[in-house]
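Beneath this line is the structure, given in structure tokens, with notes to follow.
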Amino acid sequence: MSATSFKQRKVGRTDLELTELGLGGATLAGIFTEVPDEQARATVGAALDAGIRYFDTAPQYGYGRSEHLMGDGLRFRTEGVVLSTKVGRLLRPVQSEAERDYPHNWVKPLPFEQVYDYSYWGVMRSYEASLARLGLSKVDILYVHDIGLATHSAEQNPIYWKQLAEDGGYKALKELKATGKVSAIGLGVNEWEVLMDAFALGDWDVFLLAGRYTLLEQTSLSPFLTTCLERGASVVCGGPFNGGALMGTGTWNYAKAPDHIVKRVADLEALCKEFGVPLGAAALQFPLAHKAICNILPGPKSPAELNGILDWWNTKVPDALWDALADRQLVEKGTPLPNGRTA
């Protein structure tokens, strides 16, 4: 696999720069589908060989498995690499699957269960445990993982938000950054609304927002992305295919896509076909038109899938496609497009 010369974008007001394409580590841990360890490591290595220099993982992914595999792939090849992981879930050992009192989507996870903790010591313990699992001495970006109503109930979320805001979680993140142990802090979530709450709490460098600013939906365009520009925060675009919807899987937000999503995908697919462009290529290239977006973070689970993503990345999308996208009102009004136009 030949290396691609990826452009880089700054992370907020920090000195960090990310390649515009990154590698997400959830699928490497076997979400829904088994991924052999060697295949996961090979995918990380293939991404490095291709010129990708931003990698993301989390304790939740396979209950530690993703961090182990990501560390294996990056170890001794960290020059120029930016790595992010997450806090908010501590891992507690279990003797069997029967001990877990909640369903999960991981195939062959490690023998641990997650315990939510967004407090000062929860953040500090999570950070140290991640370094041990990674087998690395440093991570660059630390995200608060899945705080908000998409993960927690309306009754539980205020408790966890108090841990972050009042019980020292945010303070711990600021300390880790101030002492140089991490270079940037943010949140990694699936809902933009909680990120507006985060802005009320304090300053952040970067947010990993999955699925809410894509070719399929631009619900976060305003007020969230406009606020990011005002506050000097960057956004990593996670889930650029909306959990598979823009890859023809019929899924969206980790479940069966509703009819209106199926129809929107069909309309987008027909438009791309009209211009001879793969839907995946348009989906990958679309979000970067917004100045707040610093990276696109897909999650291929094999070198072959990564090759397909690179093919889409390098596909030339004609300006006329973006014009038609706006003219047919397939994106929200005010959306910036890759050809320089605003819908």
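Computed over the range 264-343, the P(r) curve from all C-alpha pair distances, binned at 5 Å from the origin, holds 3, 15, 25, 25, 19, 9, 3, 1 percent per bin. Taking every Cα-Cα distance in the range 193-343 and sorting them into 5 Å bins starting at zero, the pair-distance distribution P(r) comes out as 2, 9, 19, 22, 21, 15, 8, 3, 1, 0 percent. Close amide-amide hydrogen proximity is noted between VAL182 and LYS177, each under 5 Å apart and 5 or more residues distant or on a separate chain (H modeled in the peptide plane; Pro and chain starts excluded). Spin-label model, GLU274 to ASN339: label points 7 Å out along the Cα-to-beta-carbon direction sit 1.1 nm apart.
Rounded to the nearest whole Hz, the Karplus-based 3J(HN,Hα) values (6.51 cos²θ - 1.76 cosθ + 1.60, θ = phi - 60°) of the range 287-301 follow the sequence x, 5, 5, 7, 5, 7, 7, 10, 6, 10, 10, x, x, x, 10, with x at glycine and proline. Ligands, DNA and RNA left out, the 1.4 Å accessible surface of the chain is 51% carbon and sulfur atoms. By the rule of a C-alpha distance below 12 Å, with chain neighbours fewer than 8 residues away ignored, the aspartates and glutamates paired with LYS301 are GLU34, ASP37, GLU38. In the context of the full set of protein chains, residues of the chain present 42 Å² of accessible surface per residue (probe radius 1.4 Å, heavy atoms only). Here LYS171 is the anchor, and the lysines within straight C-alpha reach of less than 23 Å, apart from those fewer than 8 places off in the same chain, are LYS86, LYS138, LYS162, LYS181. Near GLY51, the amide H atoms lying under 5 Å from its own belong to THR4; only residues 5 or more places off or on other chains count, and H is placed 1.01 Å from N.
Couplings 3J(HN,Hα) for the range 27-32, derived from phi with the Karplus relation 6.51 cos²θ - 1.76 cosθ + 1.60 (θ = phi - 60°), are 5, 4, 8, x, 7, 6 Hz, where x marks Gly and Pro.
Accessible-area rank, largest first, for SER119, SER137, SER130, SER96: SER137, SER96, SER119, SER130, with all protein chains present and a 1.4 angstrom probe.
Each residue of the range 54-63 is assigned a 3J(HN,Hα), and the resulting list reads 10, 10, 10, 8, 6, x, 5, 5, x, 6 Hz, derived from the Karplus form 6.51 cos²θ - 1.76 cosθ + 1.60 (θ = phi - 60°), x at Gly and Pro.
Under 1.5 on a/c is rounded, so check that first for the range 1-51, then, if it is not, pick prolate when a/b is larger than b/c and oblate when it is not; a ≥ b ≥ c are the square roots of the alpha carbon gyration tensor eigenvalues. Oblate, because a/c is 1.5 or more while a/b does not exceed b/c.
Computing Cα extents along the principal axes in Å for the structure here picks out one of (i) 53, 43, 40; (ii) 73, 42, 34; (iii) 62, 45, 34, namely (i). Assuming charge only on the beta carbon of Lys and Arg (+1) and of Asp and Glu (-1), the dipole of the chain about its Cα centre is about 500 debye to the nearest 20. In straight-distance terms, cross-link reach from LYS333 covers every one of the lysines whose alpha-carbon lies under 28 Å from its own, apart from those fewer than eight places away in the same chain; here that gives LYS7, LYS10, LYS256, LYS263, LYS273, LYS291, LYS316. When only alpha carbons are used to place a centre, the range 212-288 and the range 131-178 end up 27 Å from one another.
The values are calculated or read from the model by the stated rules, or taken from the named source; none is laboratory data. Everything numeric in this text was worked out from a predicted model, so none of it was measured. FYI the Cβ positions are ideal-geometry reconstructions off the backbone, even for glycines, and counts take in every protein chain you see. Protein only, heavy atoms only, side chains kept; ligands, DNA and RNA dropped before computing areas. Shrake-Rupley method; radii C 1.70, N 1.55, O 1.52, S 1.80 Å.
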